[in-house]
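Written out below as structure tokens is the structure these notes cover.
The values are calculated or read from the model by the stated rules, or taken from the named source; none is laboratory data. As the structure is a prediction and not an experimental result, all values here were calculated from the model. Heads up, the Cβs are rebuilt from the backbone with ideal geometry, glycines too, and the neighbour counts pull from every protein chain shown. Heads up: the accessible areas ignore ligands, DNA and RNA and are worked out on the full protein's heavy atoms, side chains in. Shrake-Rupley method; radii C 1.70, N 1.55, O 1.52, S 1.80 Å.
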Amino acid sequence: MPVKIVMVCLGNICRSPLAEGILRSKLPSPAFKIESAGTAHWHVGKKPDDRSIAVAKKNGVDISHQRGQQFTSAFFDEFDYIFVMDQSNHDHVIELAQTPEHKQKVQLILNELFPGENVDVPDPYYGLANGFDQVYQMLDQACEVLAQRLVLKHS
């Protein structure tokens, strides 16, 4: 049975699709299953933002096949790990948690780089032109640390 991981942001078109694609590129399949979701419903069924697709492609990762989905309480039973991009996403996901075990699954992704500091991945949607590149680099570093930890833990 694969280890299941979900990456969560607000709309599931910028940060979480990047995190999904980056982590998938670093972990052996079929031992790990990685998906992404948004706390909002606006982009369900839609592909990631073109800027996310472009920055991923520039770095050798294809996320063009992904489609948006909304995070629901059912995800707590389906996934072993839930990584959120910022404190707002964390709060929305925790609101859906029904048990202490559910809450323990939820972690801020950048705590992989900055343990306990609760640093947010900035949302590049309305940001500067290089915002997607900066977010990619942050997520790539965090996913590298996370992938090494997961492989050690689950091998």
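Observations on the structure shown:
- Charge dipole (the chain, unit charges on Cβ, about Cα centre) - positive-most of THR72, ILE5, ALA40: ILE5
- A straight chain from GLN107 to TYR126 at 0.36 nm per residue would run longer than the Cα-Cα distance by 4.4 nm.
- Gap separating the Cα centres of the range 103-155 and the range 1-54, nearest whole Å: 12
- Environment charge of THR99, counting only residues whose C-beta is closer than 11 Å and scoring Lys/Arg +1, Asp/Glu -1: 0
- Accessible area of the range 1-125 belonging to carbon and sulfur atoms, whole % at 1.4 Å probe: 52
- Note on the range 94-152: dipole from Cβ charges, positive end direction compared against LEU113, ASN130, VAL151; the farthest Cα belongs to VAL151.
- Dipole moment magnitude, nearest 20 debye, the chain about Cα centre, only Lys, Arg, Asp, Glu C-beta charged: 480
- Contour minus Cα-Cα distance for LYS46 and ARG149 (0.36 nm per residue): 33.9 nm
- Rounded accessible area per residue of the range 64-155, 1.4 Å, Å²: 55
- For ASP62, the shell of other residues with beta-carbons less than 13 Å away shows a net charge of +3, using +1 for Lys and Arg and -1 for Asp and Glu.
- GNM remark for the chain: springs join alpha carbons under 10 Å apart, and the peak mean-square fluctuation among PRO48, PRO115, PRO17 falls on PRO115.
- Only lysine pairs 8 or more places apart or on separate chains count here, and in the range 1-153 those with Cα atoms under 25 Å apart total 27.
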